1. So, in the stretch 132-166, exactly how many residues are part of a loop (DSSP other than H, G, I, E, B), over 17 Å from L285 (Cβ atoms) and either small (G, A, S) or at pLDDT 80 or above (or both)?
2. Using the structure shown, decide if L169 is in the same structural domain as S59 (by TED's automatic domain parsing), at pLDDT below 85 and crowded, with 19+ Cβ neighbours inside 10 Å.
3. So, R68, is that one modelled with pLDDT under 95 and in contact with a strand residue (DSSP E or B) (Cβ under 7 Å, 6 or more places away or on another chain) or not?
4. Among the candidates R68, R29, R60, which residue alone is of a type in the set (K, R) and outside any helix (DSSP H, G or I)?
5. What residue, among those in the stretch 79-118 that are among the aliphatic types (A, V, I, L, M) and buried (at least 20 other Cβ atoms within 10 Å of the Cβ), is nearest to E44 (Cα to Cα)?
6. Would you confirm whether or not the stretch 52-62 contains a residue that is under 28 Å from S215 (Cβ atoms) and either outside the structural domain of A147 (by TED's automatic domain parsing) or touching a His at 6+ places or on another chain (Cβ under 9 Å) (or both)?
7. Check the stretch 301-312 and report whether any residue there is in contact (Cβ under 8 Å) with a residue 24 or more places away in the chain, farther than 22 Å from D166 by Cβ and within 23 Å of the chain's Cα centre (by Cα).
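The values are calculated or read from the model by the stated rules, or taken from the named source; none is laboratory data. None of the values given here were measured: they were computed from a predicted structure. Heads up, the Cβs are rebuilt from the backbone with ideal geometry, glycines too, and the neighbour counts pull from every protein chain shown.
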Amino acid sequence: MSFPHRDIILNVIDDLSRNYLQGKVRALRISMICLLAGGHLLLEDIPGLGKTSLVLALSRVLGLGFGRVQCTSDLLPSDITGLSIFDREKNCCRFIEGPIFNHLILLDEVNRAMPKSQSAMLEAMEEMRVTVEGITYRLPEPFMVVATQNPTEQVGTFALPESQLDRFLAVTDIGYPPPELEQQIIRSGSVRNQLEGLVPVLDGTRIIEARKSVSQVQLSQKVAGYVHALIESSRQHPMVLSGISTRGGINLADAARAEAWLDGRDFVAPEDVQKIALPVAAHRLILKPEHEFQNKKEIIRSLLQNLAVPLV
């Protein structure tokens, strides 16, 4: 099996994490896994840790069309999808595309948008299309949404509904850099202007080729059973009201394929599932009211520890 453009993608992760986005190698790798697996990503953390810079850097270096939506309480669905206007010269209606008609979409501070505007993304994220005034428009390929979210306890935020959270293949944070590295970042200042000078090393066609290669990574019956055992045990956990959905199981398998592909293997090992389980599975758990403040990642960790690991 060939691994088209794998070395370039690994170099992108390494170069960005060393020279532009220090301390964010984990977030960069998860972002790339989402892109290779055809999924969407939610970056969840406090403001000022580089969420937006990470998305900008990826769009530049991957050569993908970039659209940005700054979410506010007065954002309308048409601000995302576009709208039809009447063209007096041609005496007909003309559709003006919104920012969603790009390859890589940044939904900045998505939980500051009202629920109606949040739901405008559901069809696009799931079906790669939008419907405006009864007419359906296809979105470009590859297509990926990266949303950023501030903690819900901050003023002016609206929690994402479970139906929309389930559309994100992975959820991860950025986290604070180590003290020494943070001091270095403070001394050197913002890298936002430097990102403008990044040279594309890939494009949409090559990303699609890499995605096709990822989809050919073999998932054995034993590993599929391991994934199913995880989602089944999540539904039976005493603190969980609703466990991992079937979509969640598919996403976990797809992400594990991308993880194996990045490691240069044409088959998925149980370790690939374990590596990617927390960002892919934890946000899909709906806890019982009396346990709503429990750490979902700790629940997934406990489930993995109690599962028998198959020999492959």
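1. Number of matching residues: 8.
2. So L169 fails the test.
3. When the stated conditions are applied, R68 passes them.
4. Being of a type in the set (K, R) and outside any helix (DSSP H, G or I) holds for just one of R68, R29, R60, which is R68.
5. V110
6. Yes, the stretch 52-62 contains at least one residue that is under 28 Å from S215 (Cβ atoms) and either outside the structural domain of A147 (by TED's automatic domain parsing) or touching a His at 6+ places or on another chain (Cβ under 9 Å) (or both).
7. No: zero hits.
A quick yes/no check of all residues on (1) at pLDDT below 95; (2) surrounded by 21 or more Cβ atoms within 10 Å (Cβ to Cβ):
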{"position": "D7", "(1), (2)": "no, no"}
{"position": "D15", "(1), (2)": "no, no"}
{"position": "N19", "(1), (2)": "yes, no"}
{"position": "L36", "(1), (2)": "no, yes"}
{"position": "P47", "(1), (2)": "yes, no"}
{"position": "L54", "(1), (2)": "yes, yes"}
{"position": "G63", "(1), (2)": "no, no"}
{"position": "S73", "(1), (2)": "yes, no"}
{"position": "P77", "(1), (2)": "yes, no"}
